[in-house]
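These notes concern the structure reproduced below.
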Amino acid sequence: MKRSVLLATALVVLSGPAAFAQATDSLVDVDLGLGDLADATVDLGGDNLVDAGVDLGGADILDATIGLGGESLVDANVDLGASNEAAANAVDYATGQSNSGNQDSYLNLIATTVDDVTGTSASIGNSYSLEAAANVSADLTQGNEGNAVADADAAIMAIDTAAITAAAIGNTASISSPASLIDMTVDQNNLGNLTADLSAVSGDVTDVSMTAASIGNSLSVEVPGGSSITAAQRNSGTMIAELNGSLAGFSDAAVTAASIGNSYSLTSLNSAIAGNVSSSVNQWNTAGQLSVLNATIGYGTDAAATAAAIGNSVSINVN
């Protein structure tokens, strides 16, 4: 019988001059669904890493459209309709994604004397994004067996804002519908081992964020009341996130290392009028999560350093 192991280690040193630079924009907006525990969003590159009560960095990390650097990485916006007026009948979509290959990404970045810098290294097995303007009925299955490595090395000096991110993700799905009803079943299964490794130095950077995140399965849902979501997430791959950073001469700095087996985030919209969303989710994690953070921080105003290892996370917000 397998046993799940959760480990997190962090070393933070507040000192004198450090040197080189670091991060700013959100890399992978993958909502980690950490709820009050960690504000449930692991913003991979500027915003909250695990905003789960344990503010891991800044803004939502997995806003599930995986905006790797500013725009959607896999803008798989299955455009489901032009207007709600023509959405009397639900459109039926079924999608199956299966990956058995390995994904490796490497970033080597040196930047100095520019306004804004965003650097991202991301390895993803399967990615799905659905934005609906019509009623939708759909089934989604994602299976990842491949191992993934996301590696980033950066040196940044004399920058206004900088965001550096290394993210390794097995399966990620984002479902969004402002007003139309969604009836959906989602099944995510990750078997791959995922490693995110970030080493960065920054100096004289106003706002900087550094994030290393490894996530087995991530699901973010934002739909109106009356919708129905049934989800299953299974992770048996080992998650490793390691960040080694040096920061000096900053106003705001956030460094985060987060490893998560399964993450689910649900937001029920217009609940006072339409009622709540019907949601059922099952999560299984049988592997270990390891997060390691080593940071040297000096000569700055506000700084946050976080190392988080999480097996399963669920966040439900009713609006």
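Taking 7 Å steps out from each Cα toward its Cβ at Ala179 and Glu145 produces label points 4.5 nm apart.
Here the label points at Thr286 and Thr230, each 7 Å from Cα along the C-beta direction, are separated by 2.3 nm in the simple model.
Farthest towards the positive end of the charge dipole of the range 93-318, among the residues Gly203, Leu219, Ile164, is the Cα of Leu219, using unit charges on the Cβ of Lys, Arg, Asp and Glu.
Once backbone amide H atoms are built at 1.01 Å from N, Ile310 has Ser259, Ile260, Gly261 as its partners under 5 Å, excluding neighbours fewer than 5 places away on the same chain. In order along the range 177-184, phi translates into HN-Hα couplings of 8, x, 9, 7, 6, 10, 10, 9 Hz, rounded to whole numbers, per the Karplus curve 6.51 cos²θ - 1.76 cosθ + 1.60 with θ = phi - 60° and x for Gly and Pro. Based on protein heavy atoms only, the range 195-278 ends up with 23 Å² per residue of surface accessible to a 1.4 Å probe.
Pop out the carbon and sulfur fraction of the accessible area of the range 93-318 as a percent, whole number, probe 1.4 Å.
C and S atoms contribute 46 percent here.
Under the simplified labelling scheme, the Asn108-Ala94 pair shows an inter-label distance of 4.8 nm, with each label point 7 Å from Cα along Cα→Cβ. The alpha carbons of the range 238-319 stretch over 51, 34, 7 Å along the principal axes, in descending order. Compactness of the range 93-318 is given as radius of gyration and Dmax, 19.0, 54 Å, from Cα positions.
When each of the peptides 109-119, 301-311 is scored by how many other beta carbons lie within 10 Å of its residues on average, the order from highest to lowest is 301-311, 109-119.
The values are calculated or read from the model by the stated rules, or taken from the named source; none is laboratory data. Computed from a predicted structure; not experimentally measured. Positions of Cβ are generated from backbone atoms using ideal geometry, with glycine treated the same way; all protein chains shown enter the neighbour counts. All accessible areas refer to the heavy atoms of the entire protein, side chains included, with ligands and DNA or RNA removed. Shrake-Rupley method; radii C 1.70, N 1.55, O 1.52, S 1.80 Å.
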